[in-house]
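Computed from the coordinates by the stated procedures, all read-outs in this text should not be read as laboratory data. Keep in mind that this is a model prediction, so the values were computed, not measured. Using ideal geometry, Cβ is built from the backbone for each residue, glycine included, and neighbour counts are taken over all protein chains shown.
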Ligand code: DAT
Ligand code: MG
């Protein structure tokens, strides 16, 4: 089953939106495979956002992400990478549709609450980076109520 890495950023944790974000993925029918709260190191964040290292906003992004703990999750399900991004909304919250997490709860790109992997390949890289001890799978009894 496809997997994605979803992360509530420090602003989302401080604002008490962890439960709200988990709720949306749970209610949609996706399966929670892993969950952790941690204050990431600068090195971990620089690896996670490695492809953005040349951007002018990169130092500010790292500072923001270091400002407190984050909640990282692995979710599994059919097309969960693409659908997870749709559920988060556009990178700039002002472009995010109402009904999306960013479209419902934030305004500025530098305080956009959450992260979601942008491809299946990057999802697996991010899961390996944030959960170096591995992520186990398990069978749910409700699969037949979610998938046809
Ligand atoms: P996304 O988080 O939607 O995958 P991204 O990978 O392009 O977006 O960028 C990672 C984060 O960097 C994004 O969530 C917020 C920040 N960011 C992106 N573009 C920015 C910009 N133009 N100004 C400030 N921060 C930006
Ligand atoms: Mg991204």
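Residue under question is residue 133, and the condition is that it be more than 17 Å from residue 45 (Cβ to Cβ) and exposed (fewer than 12 other Cβ atoms within 10 Å of the Cβ); does it hold? Yes: the conditions hold for residue 133.
Restricting 136, 123, 128, 90 to residues that are within 23 Å of residue 34 (Cβ to Cβ) and within 16 Å of ligand 2 (Cβ to nearest atom) narrows the list to 123. In summary, residue 103 fulfils each of the numbered conditions (1) more than 13 Å from ligand 2 (Cβ to nearest atom); (2) touching a residue at least 24 places away in the same chain (Cβ under 8 Å); (3) in contact with a helix residue (DSSP H, G or I) (Cβ under 9 Å, 6 or more places away or on another chain) with the single exception of condition (2).
Identification of helices (runs of 4 or more DSSP H) wholly contained in the stretch 1-113 with 3 or more residues that are exposed (fewer than 13 other Cβ atoms within 10 Å of the Cβ) yields 18-28, 58-65.
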